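Student: Dropping the structure in here first, questions after.
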Amino acid sequence: MIKNYLKIALKVLSRRKFFTFISLFGIGITLMVLLVATALLDYVFAARTPEVHADRMLGVYRLTMKGPDNTMSSQAGWPFLERTVRPLAKLPSVERIAYVTEARTAVSYLNGRKIQSMMRRVDGDFWRLLDFDFVEGGPYSGDDEAHGRFVAVINETTRERFFGGRPAVGRTIEADGQRFRVVGVVRDVPVLRYSSSADLWVPVSTAKTNAYKEEWLGDFYALILARSHADLPQIKAEFQS
C-alpha cells in the first residue's frame, strides 16, 4: 500500500519538475536554517562548561545613568556593584557572587613577535562560581586577589602560543605590559560563552591603577549564582528594590 502511494506521489511531482524543485528546495533551506538556528541557540544558552549552572545564574551587565540633558550607558563600575549587588550575598537564596571585567585585547611581544590575547580581570569567587576544565594546575584564590598577586590562568591556545604546548604552570607570561606567573591552564572556552570566555584571566587587583574603585560607569559586570532556579525571582526583586 505504501509502495503504491509513493509511486503516485512521484508521478504527481514529476509532472511539473521545475515547480517541484523550487518547492523542495525552499522546504530544505527552511529546515536547514531552523536546525542551524536551534543548534546555535542551544550552544549559546544551554548549560555547558564552564557555565554549567546557567539555569540558576543571573548577571548585572549594564548600567544606564539618565539626567535631564543626557544619558550614559556602559558596563557597571566597581562602586555600583559594591553598593547594589554585594548586599545580595546576605540572602539565603544567593550561593555566590563574582565580579568580572569585559574581555579586552592585551598585547604581548615574544621573540619580536606580536601576540594579541583576550584578557579578563576576575575575582577569586569567579573560579568557584563557574566550572572550568583544568588541564594543568588550578585557579588562583581570593587571597591572591586580596593581595594583588600577579598570577594568571591561561587557556590551551595561549599555552601553545607562548610555550609551544609545553607545561606552563610556574612560568611567566607578559601581557599588557605586566608579567604574571601562570598557576593554571584550562581548555579553550568558546567566544559565545559571553560571561567566561578569554585567553587569560588575572586578578582584578592587578589593575594598573585603582581608578576602577571610583568609577560608577566602568568595565565590570556581576555574576550571581542562586541556590536553585526557583530563587531567581526573589533575587531579582531584591535587586530592583
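The values are calculated or read from the model by the stated rules, or taken from the named source; none is laboratory data. Keep in mind it's a predicted model, so treat the numbers as computed, not measured. Cβ coordinates were reconstructed from backbone atoms using ideal geometry, including for glycine residues, and neighbour counts include every protein chain displayed. Ligands, DNA and RNA are stripped out before the accessible areas are found, and what is left, the full protein with its side chains, is counted by its heavy atoms. Shrake-Rupley method; radii C 1.70, N 1.55, O 1.52, S 1.80 Å.
Student: If a residue must be outside any strand (DSSP E or B), within 21 Å of residue 238 (Cβ to Cβ) and open to solvent by 20 Å² or more (accessible area, probe 1.4 Å), how many such residues does the stretch 60-110 contain?
Tutor: Qualifying residue count for the region: 14.
Student: While we're on this one: Of these, 221, 194, 212, which one is of a type in the set (Phe, Trp, Tyr) and either in a loop (DSSP other than H, G, I, E, B) or free of Cβ contacts under 8 Å to residues at least 24 places away in the same chain (or both)?
Tutor: Details: 221 fails: either in a loop (DSSP other than H, G, I, E, B) or free of Cβ contacts under 8 Å to residues at least 24 places away in the same chain (or both); 212 fails: either in a loop (DSSP other than H, G, I, E, B) or free of Cβ contacts under 8 Å to residues at least 24 places away in the same chain (or both).
So the residue among 221, 194, 212 that is of a type in the set (Phe, Trp, Tyr) and either in a loop (DSSP other than H, G, I, E, B) or free of Cβ contacts under 8 Å to residues at least 24 places away in the same chain (or both) is 194.
Student: Here is a check on your reading of the model: is residue 113 out of contact with any helix residue (DSSP H, G or I) (no Cβ under 8 Å at 6 or more places or on another chain), basic (Lys, Arg) and open to solvent by less than 40 Å² (accessible area, probe 1.4 Å)?
Tutor: no
Student: Name the residues in the stretch 153-205 that are more than 23 Å from residue 224 (Cα to Cα), in contact with a strand residue (DSSP E or B) (Cβ under 7 Å, 6 or more places away or on another chain) and of a type in the set (S, T, N, Q), would you?
Tutor: Hits for the stretch 153-205 are 155, 158, 172.
Student: Right, here's the next one. Tell me, yes or no, whether the stretch 205-217 has at least one residue that is over 29 Å from residue 71 (Cα atoms) and surrounded by 14 or more Cβ atoms within 10 Å (Cβ to Cβ). Explain how you work it out, then say what you get.
Tutor: Step one: filter the stretch 205-217 for residues over 29 Å from residue 71 (Cα atoms), giving 205-206.
Right, trim to surrounded by 14 or more Cβ atoms within 10 Å (Cβ to Cβ) and you get 205-206.
Yes, that holds for at least one residue.
Student: Sticking with this one: Of all the residues that make up the stretch 1-59, how many are open to solvent by less than 100 Å² (accessible area, probe 1.4 Å), part of a loop (DSSP other than H, G, I, E, B) and at pLDDT 65 or above?
Tutor: Qualifying residue count, the stretch 1-59: 4.
Student: Now a separate question. Can you name the residue in the stretch 184-204 that is open to solvent by less than 20 Å² (accessible area, probe 1.4 Å) and not aliphatic (A, V, I, L, M) and is also farthest from the chain's Cα centre (by Cα) among such residues?
Tutor: Of everything passing the filter in the stretch 184-204, 184 is farthest from the chain's Cα centre (by Cα).
Student: Would you mention how many residues in the stretch 135-149 are under 9 Å from residue 203 (Cβ atoms) and among the charged types (D, E, K, R)?
Tutor: The number of residues fulfilling the criteria is 3.
Student: Being more than 26 Å from residue 91 (Cα to Cα), touching a Ser or Thr at 6+ places or on another chain (Cβ under 7 Å) and in contact (Cβ under 8 Å) with a residue 40 or more places away in the chain narrows it down to one of 231, 199, so name that one. Lay out the reasoning, then the answer.
Tutor: On the way: 231 fails: more than 26 Å from residue 91 (Cα to Cα).
The unique qualifying residue is 199.
Student: Let me ask you something else. Select from the stretch 126-183 the residues that are surrounded by 15 or more Cβ atoms within 10 Å (Cβ to Cβ), part of a loop (DSSP other than H, G, I, E, B) and of a type in the set (Gly, Ala, Ser) and list them in ascending order.
Tutor: 141, 168
Student: Can we say residue 231 is modelled with pLDDT of 95 or more, open to solvent by 10 Å² or more (accessible area, probe 1.4 Å), at negative phi and among the acidic types (Asp, Glu)?
Tutor: The answer is yes for residue 231.
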